[in-house]
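See structure below.
The values are calculated or read from the model by the stated rules, or taken from the named source; none is laboratory data. Worth saying up front: this structure is predicted, and the values here are computed from it rather than measured. Reconstructed Cβ throughout: ideal geometry from the backbone, glycine too, with neighbour counts over all protein chains shown. When the accessible area is computed, the model is the full protein with side chains, heavy atoms only, and any ligands, DNA or RNA have been set aside. Shrake-Rupley method; radii C 1.70, N 1.55, O 1.52, S 1.80 Å.
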Amino acid sequence: MSRLMVVRVLAAMAAVVLLLGRPAAAQQTEPPRPPEAGAGPGAVVPDPRPGEAFADPAVAALQRTATDVQKELADLSGLVRAAEADLRAATRDAEAATAERVAADEVVAGRQGEVDRFTAALLAVQSRPGGLQVLLTAGGPADFLQGSAMVERMRADTDGTFTAAVRRQDDARAAERTATDAQDAAARRKAELDRRTDDASNRAAAVSSEMRGRIADTDAAVIAAQKAQRERNERTAANWRAYTDRLAAAGIRPPPGSALRDPARLPPSLRALPGQDGPQPGVAEAVLPGGERLLVLPAETVAAVDAAVGALGRPYVPDKGEGPLAYSCDGLVKAVFKDVPGGIGEQYARIAPVPAADAQPGDLVFVGPARLGVQSVGVVLDGRTMLAADARLAGVVVTDLPGADSVVGFARPALGQRAARPAPAAEPGGLTWRCGSVRLPPRGPGEAAGAWGGYPNGLIPQAALCRIGVGTHALRCDAAAAYQAMSQAFAGAFGGPLCITDSYRTFAAQVRLYGAKPALAAVPGTSNHGWGMAVDLCGGAQSFGSPQYRWLAANAGAFGWSNPAWAQPGRGREEPWHWEYTG
């Protein structure tokens, strides 16, 4: 055999080996970005607030129904997500198996061609080379031995090539069967996903129909209650104006608080007001010519009650509620009395206390009961009513004084501050009450707090929210003010305000979103949009890495806004557009 033929044969065999050892190219696909969900992944936590935390019994009943609905829809969402995960896994398996089959087919085809060319070269003399042919063509004993060894090696190489080709072909067929099985599994998972999605969407539509009547009934009850509340507020304001008018008509100008602190040294024409333990400091009375007695309060107290009456109807906020747009219970007291501590506990501890029997208009009433700690404060109006920023009713309202078992003390701001006394603390392990209703904590890092008033998620009256100045978009009032300030700062950097697509989201709107995409949308009644504490932004802010998003990431925290941890890259639900107010 010529050396040229040997070289050619070995080169062809080397090419086959290289082809056999070449791996199939890997394919990468970027997962699609999920649509807006508005809530982090995880189990739905039902609203734990008791009935007395809500504004009206009808509202409490609606919340119980909503909780049942949330559990049912959450279960359906879980089934949809499980089916979707199965589908993704089956699809990945199918794609991997298909890629392996295609690569194997290509390798086998190339291998077969090389084998065919190799065989043709060896059989060019119309027979496989053997020892006789080598003996007849050998130039001597050395050539014969060398040629015989070469023939044996070529025979072994040829047999190995064919064997490898057959083995690879078998592997390719197995890969093809695996791909087919995986594709069939993916089809079954897709059908299961479609069925689960249809179940959830159909149930959401049924829920919308079922809840519509209940929501309408609850709205009617809330509207009636709000109307009655407005009328009560107006009557109280009129009564207060009548009192101050009587003072003016009698020629009585309220003296400063310092002039009334010593009952033994009151201004002329005033006399001490009897109290439980003797004459009361900080108040007095005047006796009119006809013998009528008229209560005289310090000028600071009259001004404070004037301001509080002027705030009637303003919305409630749990924090930073010192007005003028919205108030918390302790924020209202701080705003109208000015020279008092800021928090409920400190107000209780530092403002001079008075006996319950001595409470007068303009005094403060601290509300518990003791097992809940000092959780609310109001301004006494008379022996039956007080004025307070009430979380349960979501506004500044006139309401009944609580019973003796719920009052933890009275205090008189006109007497100034004193050495601190211990304030009752809430018993451990219970719900956190504030300003008359339960306040729930945030669910995770960077998320807004949960329930903050006496209404269910997505069923908050518009009167309890504040517009942000863009269309009909509204938020809880402190969130609205913070958003407007942030948008103004944003405009300074980009020449225009923030672009917004969503803010407060009603329960009905949440049901519609869930019905469209039950695997992705938040279960109705669980989104922080439903608390008026979240926004969805646009205009560039909807993309990670954009200048707008980078500005928000660097500056939003200064305004109390956060892109929650669950919405950030690599956390499972990337939503750069979703921002929540954390205060």
Lys and Arg at +1, Asp and Glu at -1: neighbours of SER406 with Cβ under 12 Å from its Cβ sum to -2
Given backbone amide H placed at 1.01 Å from N, residues whose amide H is under 5 Å from that of ALA284, ignoring those fewer than 5 places away on the same chain, are VAL296
Taking every other residue with Cβ under 15 Å from the Cβ of ALA242 and scoring Lys and Arg +1, Asp and Glu -1, one gets -2
Projected onto the charge dipole of region 215-263 (unit charges on the beta-carbon of Lys, Arg, Asp and Glu, signs +1, +1, -1, -1), the Cα from ALA220, ALA249, ALA238 with the largest positive-side position is that of ALA249
In region 374-466, the trypsin sites (Lys or Arg not before Pro) that sit in a DSSP loop and have at most 12 other Cβ atoms within 10 Å of their own Cβ are ARG384, ARG418
Whole-Å distance linking the alpha carbon centroid of region 516-583 with that of region 309-354 is 31 Å
Note, LEU312: beta-carbon cut-off 13 Å, +1 each Lys/Arg, -1 each Asp/Glu, net +1
Counting all Cα-Cα pairs in region 236-334, those more than 19 Å apart amount in percent to 52 percent
hull vol. (C-alpha, convex hull) per residue for region 437-583, Å³ -> 106 Å³
Under 5 Å from the placed amide H of GLY275, counting only residues 5+ away or on other chains, we find GLN280
One point scatterer per Cα, no solvent, Debye formula: log10 I(q)/I(0) for region 400-484 at q = 0.15, 0.21 Å⁻¹ comes out as -0.87, -1.13
Sparse-neighbourhood loop hits (trypsin sites (Lys or Arg not before Pro), region 499-581; DSSP loop; Cβ within 10 Å at most 16 others) -> ARG571
By accessible area (1.4 Å), largest first, PHE559, PHE366, PHE410, PHE494 order as PHE494, PHE559, PHE410, PHE366
For region 311-322, in residue order, the Karplus 3J(HN,Hα) values (coefficients 6.51, -1.76, 1.60; θ = phi - 60°; whole Hz; Gly and Pro = x) are 8, 3, x, 5, x, 9, 9, x, 10, 6, x, 9
In whole angstrom, the spacing between the Cα centers of region 424-467 and region 219-273 equals 32 Å
Which residues qualify? For ARG434, with a placed amide H closer than 5 Å and at least 5 residues away or on another chain, they are ARG439
